[in-house]
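The values are calculated or read from the model by the stated rules, or taken from the named source; none is laboratory data. Computed from a predicted structure; not experimentally measured. Virtual Cβ from ideal backbone geometry, glycine too; neighbours counted across all protein chains shown.
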Amino acid sequence: MMAGRLANKQALITGAAGGLGVAMARIMAAEGCKLALTDVNADAVQSLADEINASHPGAAFAYAHDVTSEEQWVDVLGRASEDMGGLSVLVNNAGIGGPLMFVEADTAENWQRQYEINLRSIMFGCKHAMPHLRASAPGSIINISSVAGLAAAPGMGAYNATKAGVWMYSKTIALEAAKMEWNVRSNSVHPVFIKTPILDPFVAMAGGDEGKAHERLSRGIPLKRIGEPDDVAWCVVYLASDESKFITGAEFVIDGGMLAQ
Ligand SMILES: NC(=O)c1ccc[n+]([C@@H]2O[C@H](COP(=O)([O-])OP(=O)(O)OC[C@H]3O[C@@H](n4cnc5c(N)ncnc54)[C@H](O)[C@@H]3O)[C@@H](O)[C@H]2O)c1
């Protein structure tokens, strides 16, 4: 049996082909976790599974999965649970940023898209993963929100609102699972700017100069830098493991001290 902080755990990560998902997958695999890696980008998530299986044979499975489809959630969770021999961790990580728009320019389409991908998907995930998590208990749900779910910024109305929804919904699920004695915990994670493709619009705004964009984004951060994907992945490892067995309904801010000001 593989040793590690996540030995005997089976985790499904959505949006696993993106910057944070890739870091989580690599680090969780190194900690002995079995992984179901899902993304709309099926090729990228398959390459990631192949890479992980090269060093951890049989550890990773890949699935094409659009988190806005309830049907796909049911199908992917069933297959993942069978392939991994259970499901003890759900990481709701898939998410998108929208265009920066002040209220008078904002649109129904922008809100609908962010609502479906950032927020409603998490209800589908929690709803349909819960029977699997209960069967493999102790279980852990980790919802990737954002500092933008706790503090607002101009031009980010739909992102602020959907990520705040993720924050509160994580607590609802935590309380329901506690009340029903399902032995499943639920927590949210709130990163500030982390170096992933989601920051591409800010790089474009800095004329394509990544260093300049990162320097601008780090200005409000006491630790004077933006985050690395592993800064988030290690928090997810902790929440996925039984090390955090008394922690539920909580929020984990990963922001270099920004919200402490
Ligand atoms: N990077 C940051 O600065 C930052 C900060 C705070 C919160 N977050 C949150 O972290 C999470 C991961 O972001 P990231 O930085 O890795 O972004 P990313 O853009 O690198 O990756 C997002 C991934 O989600 C996938 N995805 C998009 N729509 C999907 C859908 N409908 N179904 C399934 N997958 C879909 C994309 O294909 C991509 O692989 C998001 O929820 C994001 O809001 C990121």
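For A148, the test of being at pLDDT 95 or above, surrounded by fewer than 24 Cβ atoms within 10 Å (Cβ to Cβ) and closer than 30 Å to D106 by Cα is passed. Within region 57-112, restricting attention to residues that are of a type in the set (D, E, K, R), more than 16 Å from the ligand (Cβ to nearest atom) and without any contact (Cβ under 8 Å) to a residue 12 or more places away in the chain, the residue that is surrounded by the most Cβ atoms within 10 Å (Cβ to Cβ) is E82.
Considering each residue of region 179-201 in turn, at least one proves to be in contact with a Cys (Cβ under 7 Å, 6 or more places away or on another chain), of a type outside the set (S, T, Y) and within 16 Å of the ligand (Cβ to nearest atom).
Being within 14 Å of the chain's Cα centre (by Cα) and free of Cβ contacts under 8 Å to residues at least 60 places away in the same chain is a description that does not apply to M130. Filtering region 229-261 to residues that are charged (D, E, K, R) and either closer than 16 Å to V147 by Cβ or crowded, with 20+ Cβ neighbours inside 10 Å (or both) leaves D231, E251, D255. Of the residues making up region 98-122, those that are within 18 Å of H190 (Cα to Cα), out of contact with any strand residue (DSSP E or B) (no Cβ under 6 Å at 6 or more places or on another chain) and among the hydrophobic types (A, V, I, L, M, F, W, C) are I117, L119. Candidates L48, L35, L20, L12: the one that is within 13 Å of the ligand (Cβ to nearest atom), assigned to a strand (DSSP E or B), closer than 28 Å to E116 by Cα and at pLDDT 95 or above is L12.
Checked against (1) at pLDDT 95 or above; (2) of a type outside the set (D, E); (3) farther than 15 Å from G19 by Cα, I194 meets all criteria but (3).
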